[in-house]
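Encoded as structure tokens, the structure appears first; notes follow it.
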């Protein structure tokens, strides 16, 4: 009876696992069996081809199976043998060009692809595919490669100026240490139009090591409907070599030491500029997990004008370190984690108070998930993407702000969440919608606020 009960329980578990798709042994066995069948079919096709080498159908079948199991060299041999019997086969030349392209033999691939479109009897679909591969070969063989993206749209925020929700704030010297903020500085909703452009240039000297010189330019601009003090233009340029340096110490890692410079305009006038250097490291841990470390040290210089008399108090050196790990949990699901550290040491003391309240240290932790899936109507424009991210930031200021409280240092905790969906229109254009929530809690009500933001825009890659 005990053995029968255990057998029934085991059968129940197996049926349950199979029903919910969690029977890895069965799935693995099925995949292995399919691979064995394919390899047996490939071996049989080889025998048929040898027995009748002039039969182009048998040769093409062998080449097709070779491609399916990843034996490109065998497929190439079969296709080249076909051309010996009949040189006028544009589709065969096309497949040979594609196979050599996959193997990285771009010069040979170009020769086959070019000859594939010679003559008047070449099908239109062959000409179209050849054009795509020739363009890609030209790009990969060129010393200079350019790419980029442009994203623009409309954004709504119910607290665009990050103003406190309540007018009651802390103020040193006021009765009871409390004062009332002018309504123009409290929470204000607003709309803006924005555009973001990212341009990349890679100089490839075509050396065996694969090292390149990479330059990136980021430009962002936004124009508010009402809160024009927030009109922003930001530009940043990074330049540095990328390669697999220190191979003997870290395998499968790409390093990029670089210099960086940025300029920010706020409300139509220069706000600050920065310059510095950093190092980016990307490493592939497994076929499904990779990570990166980004570090930089920059010097920030602010410009004081009539509306920003104390801006120079933010001058200082900012140090950033960020860790990212990305894991492909499923074929269509990517999980992300991030941790960051930012430290701003200000160098300009307030001439009145002899201290600077702007220096601070910030710690950030975030998680996210990116899901890729087919469009609801199975429209053949590419997969849709939806991402959900959450981040918490802890900011601790180095000195008290004597205009608020001479004894207590500021401490902020910020929560961010965002939901993004990108819908491709074609291979170059996409429509993106974003919903974001920000909640900031501070030990001073002056800096406590919340904000909802929603945006819609279109992006193009080139």
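Every read-out reported here was derived from the displayed coordinates using simple, explicitly stated rules and does not represent laboratory data. The structure presented is a predicted model; accordingly, all values stated were derived computationally and were not measured.
General remarks:
- Candidate values [x] 56, 31, 22; [y] 109, 27, 16; [z] 33, 29, 21, label of the one derived for semi-axes √(5λ) of the Cα gyration tensor in Å: [x]
- Cα gyration tensor shape for region 117-271, rounded if a/c is under 1.5, else prolate or oblate: prolate
- Length-normalised contact order of region 308-462 in % [C-alpha pairs under 8 Å, at least 6 apart]: 15 percent
- Gyration tensor verdict on region 52-114 (Cα atoms; rounded if a/c is under 1.5, prolate if a/b is larger than b/c, oblate otherwise): oblate
- From its DSSP helices (H runs of at least four residues, each -39,500 (n - 2.57)), the chain gives a residue-normalised ellipticity at 222 nm of -8500 deg cm²/dmol.
- Within the chain, DSSP assigns beta bridges of which about 100% are antiparallel (rounded to the nearest 5).
- Angle between the chain longest axis and helix 72-85 axis [Cα atoms, degrees, rounded to 10]: 50 degrees
- The slack in the chain from residue 202 to residue 365, taken as 0.36 nm per residue of separation less the alpha-carbon distance, amounts to 55.5 nm.
- Over region 144-461, relative contact order from alpha-carbon pairs under 8 Å, at least 6 apart, %: 14 percent
- Overall form of region 290-362: prolate. Here a/c, set by the Cα gyration tensor axes a ≥ b ≥ c, is 1.5 or more, and a/b is the larger of a/b and b/c.
- In degrees, nearest ten, helix 2-19 long axis to first principal axis of the chain (Cα): 80 degrees
- When both region 57-124 and region 339-417 are represented by their alpha-carbon centers, they are found 54 Å apart.
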